[in-house]
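I have placed the structure first, in the form of structure tokens, so that the comments after it can refer back to it.
The values are calculated or read from the model by the stated rules, or taken from the named source; none is laboratory data. Keep in mind it's a predicted model, so treat the numbers as computed, not measured. When we count neighbours, we look across all protein chains shown, and the Cβ atoms used for this are built from the backbone with ideal geometry, even at glycine. To get the accessible areas, we keep the full protein, side chains included, count just its heavy atoms, and leave off ligands, DNA and RNA. Shrake-Rupley method; radii C 1.70, N 1.55, O 1.52, S 1.80 Å.
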Amino acid sequence: MFGSCRKRALHKQLCLILSHTITVSLGIYIIAMILLKETLNPFIIGTFMVCMLTVIHRFTLCRHSSRLGLVAKRLSKLTIKEDKPFNKQIYLLLCSCIVYCAINIAASVVRYLSSHREIEYQRQQIHLYSEYPRFFAAFKLFINIYQLFFFSLPVKIFTIYFVSVCHDIISLFEAHKARLTSQSVRDYRCLINSYNYLRDLVNEIDSKISCIVFWAALANLFSVYFGILGILEVKAVPIEDKARIYSFAVFDTFVFFLMCLWADRVSSSAASVAREAYLLKGDADTSALHTQYILTANQDVHMTFGGFFPLRKSFVLASFGTIITYSVLIKDKFSY
């Protein structure tokens, strides 16, 4: 819808304008926040990075939103076995997003209700706060909720979408493996064509959404960084901010781990087909095709991090190690 150069209907044009207006508005707020702040500390740096990455993710998501529909349409045409336990897990993930939003909204409201403490803190950061304290306190509450619904939440929802796409791809590989093992007389030409189709399907889907995956993963990572940085200074912040900080650290870690875990499962499901192909016994008439099928099944299949490198579980450990290291370094460099 947003990436097409063809003539758009009026309501689509309005949606495009509204979406980019929302994106630009928070971008202006981020710039103003940096220009008006008189001192820098880890809290400000973390807020700036999270806001900036969620803005970029929203822009990318809006620009390539038509690709998400094409991927969903492509997968819906394929025969995929319904997985009721997985559907329940998706419902639980959606419910956890609601709880995440409720915690952050409640924390923002409590902070506004105790705005005398907020005003004193912000007066040390922004000179204009001294002249219009109540206005700035209410405006900050609005911005927090605005940023949560229009920027942070879309990152989480896209992650759930990505998990669903990975699940469907895994189901297709599992169905291919079941077909491979159930045949008494195997048609290797058909199996080779089927596997090549699945590999091309994964590459096509990855090429459409890898850019959005890249910014969603970065946004989740820096939310985790923001949470860890806050935990290191948790004694210096009010209880409502502790709730927000722990929600960032716990929920965003969980979401990022899910993204890497399901992407890794795509690669594992494809690799399981290759292992199964090795165990098959061929005869003289089919040995050449059997070998060709083994070579075909041994080609790498994976979802990528922006097209740069495969997204695997090991990426979680490497990322968290880097985040913790830089959190400690920045904490030592800046002080509240």
key: Cβ-Cβ under 7 Å pairs, at least 6 apart or on other chains, segment 182-200 side open to solvent by 80 Å² or more (accessible area, probe 1.4 Å), far side in a helix (DSSP H, G or I)   = Arg189/Leu289
key: From the options Phe309, Phe320, residue that is of a type outside the set (Val, Ile, Thr), under 20 Å from the mean Cα position of the chain (by Cα) and at pLDDT 75 or above   = Phe309
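Take the residues in segment 81-96 that are of a type in the set (S, T, N, Q) and open to solvent by less than 90 Å² (accessible area, probe 1.4 Å), then tell me which one is farthest from Leu258 (Cα to Cα). Reasoning before the result, please.
Going residue by residue through segment 81-96, those that are of a type in the set (S, T, N, Q) are 87, 89, 96.
Still in the running and open to solvent by less than 90 Å² (accessible area, probe 1.4 Å): 87, 96.
Numbers: Asn87: 15, Ser96: 13 Å.
So, considering only residues that are of a type in the set (S, T, N, Q) and open to solvent by less than 90 Å² (accessible area, probe 1.4 Å), the one farthest from Leu258 (Cα to Cα) is Asn87.
Of everything in segment 135-168, what is aliphatic (A, V, I, L, M), open to solvent by less than 20 Å² (accessible area, probe 1.4 Å) and either in contact with an Asp or Glu (Cβ under 6 Å, 6 or more places away or on another chain) or more than 16 Å from Gln89 (Cβ to Cβ) (or both)? Give them in sequence order. Give the derivation first.
In the first step, residues of segment 135-168 are kept if they are aliphatic (A, V, I, L, M); the result is 137-138, 141, 143, 145, 148, 153, 155, 157, 160, 163, 165.
Now restrict to residues that are open to solvent by less than 20 Å² (accessible area, probe 1.4 Å): 137, 143, 148, 155, 160, 163, 165.
Within segment 135-168, Ala137, Ile143, Leu148, Val155 meet the criteria.
Based on what the data block shows, is Phe226 surrounded by 21 or more Cβ atoms within 10 Å (Cβ to Cβ) and either at pLDDT 85 or above or over 19 Å from Tyr100 (Cβ atoms) (or both)? Before the answer, list the steps.
On the way: surrounded by 21 or more Cβ atoms within 10 Å (Cβ to Cβ): yes; either at pLDDT 85 or above or over 19 Å from Tyr100 (Cβ atoms) (or both): no.
So Phe226 does not fit the description; no.
Rundown of residues vs (1) modelled with pLDDT under 80; (2) part of a helix (DSSP H, G or I); (3) of a type outside the set (D, E, K, R); (4) closer than 30 Å to Gly69 by Cα, yes/no style:
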| position | (1), (2), (3), (4) |
| --- | --- |
| Cys101 | no, yes, yes, yes |
| Ser108 | yes, yes, yes, no |
| His116 | yes, yes, yes, no |
| Ala137 | yes, yes, yes, no |
| Phe150 | yes, yes, yes, yes |
| Ser171 | no, yes, yes, yes |
| Ser184 | yes, no, yes, no |
| Cys190 | no, yes, yes, yes |
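For segment 169-181, what are the residues that are under 20 Å from Leu261 (Cα atoms) and either in contact with a Phe, Trp or Tyr (Cβ under 9 Å, 6 or more places away or on another chain) or surrounded by 18 or more Cβ atoms within 10 Å (Cβ to Cβ) (or both)? Give the derivation first.
First pass over segment 169-181, keeping only residues under 20 Å from Leu261 (Cα atoms): 169-174.
Those that are under 20 Å from Leu261 (Cα atoms) and either in contact with a Phe, Trp or Tyr (Cβ under 9 Å, 6 or more places away or on another chain) or surrounded by 18 or more Cβ atoms within 10 Å (Cβ to Cβ) (or both): Ile169, Ile170, Ser171, Leu172, Phe173.
Any chance you could count how many residues in segment 297-306 are more than 15 Å from Leu258 (Cα to Cα) and either open to solvent by 10 Å² or more (accessible area, probe 1.4 Å) or modelled with pLDDT of 85 or more (or both)? Can you show your working first?
Initially, segment 297-306 is screened for residues more than 15 Å from Leu258 (Cα to Cα), giving 297-302, 306.
This time we only want the ones that are either open to solvent by 10 Å² or more (accessible area, probe 1.4 Å) or modelled with pLDDT of 85 or more (or both), so: 298-302, 306.
Residues flagged as more than 15 Å from Leu258 (Cα to Cα) and either open to solvent by 10 Å² or more (accessible area, probe 1.4 Å) or modelled with pLDDT of 85 or more (or both) within segment 297-306 amount to 6.
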remark   = Residues in segment 232-243 that are modelled with pLDDT of 70 or more and open to solvent by 50 Å² or more (accessible area, probe 1.4 Å) total 2
ask   = Yes or no: Thr253 polar (S, T, N, Q), assigned to a helix (DSSP H, G or I) and closer than 30 Å to Val109 by Cβ?
value = yes
